[in-house]
Amino acid sequence: MTSDTPDQPDDQQASRGVQIANQIIDFANKQLESGDNPEAIASGMRHAAANFSAFAFFGIEELPKDPNAMVDEFIDFFEHYLGVHKPKDAPIDSLAQLIERAKNDF
């Protein structure tokens, strides 16, 4: 387990990973601004991530090598960002809307 100090190599690597991720997000945002479809951008990013992750996997010196660790990391990030980007429920404007919503929930 690593400490929370920035002097630790794992922390520096994670920090650099966040910097690279932000650069990739900037690129994706520019693609959006130029009119590209967000689903196409996301597909391209997943494709590139899988390709480069497979390449990096064979450079890992730690044993045992387990590709599931990379997959689990992706799932953790994806679940986190699903929560971040989930649209907020619109506020209920009236008692009638609240009652109607309650009826639909049952």
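Taking segment 31-53 only, how many residues are part of a helix (DSSP H, G or I) and more than 18 Å from the chain's Cα centre (by Cα)?
At the first step, the residues of segment 31-53 found to be part of a helix (DSSP H, G or I) are 31-33, 38-53.
Checking the rest, the ones that are also more than 18 Å from the chain's Cα centre (by Cα) come to 33.
Within segment 31-53, residues that are part of a helix (DSSP H, G or I) and more than 18 Å from the chain's Cα centre (by Cα) number 1.
Per-residue answers, yes or no, for (1) under 24 Å from Ile20 (Cα atoms); (2) β-branched (Val, Ile, Thr); (3) touching a Phe, Trp or Tyr at 6+ places or on another chain (Cβ under 9 Å):
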residue: Ser53; (1), (2), (3): yes, no, yes
residue: Asp66; (1), (2), (3): yes, no, no
residue: Met70; (1), (2), (3): yes, no, yes
residue: Phe77; (1), (2), (3): yes, no, no
residue: Tyr81; (1), (2), (3): yes, no, no
residue: Lys88; (1), (2), (3): no, no, no
residue: Ser94; (1), (2), (3): no, no, no
residue: Arg101; (1), (2), (3): no, no, no
residue: Asn104; (1), (2), (3): no, no, no
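In segment 31-44, how many residues are surrounded by 11 or more Cβ atoms within 10 Å (Cβ to Cβ) and of a type outside the set (A, V, I, L, M, F, W, C)?
Narrowing segment 31-44 to residues surrounded by 11 or more Cβ atoms within 10 Å (Cβ to Cβ): 31-32, 36, 41-44.
Checking which are of a type outside the set (A, V, I, L, M, F, W, C) leaves us with 31, 36, 43-44.
Looking only at that region, the number is 4.
Quick note: the coordinates plus some simple rules give every number you see, no bench work behind them. Here the structure is a predicted model, which is why all the values come from computation and not from measurement. Using ideal geometry, Cβ is built from the backbone for each residue, glycine included, and neighbour counts are taken over all protein chains shown.
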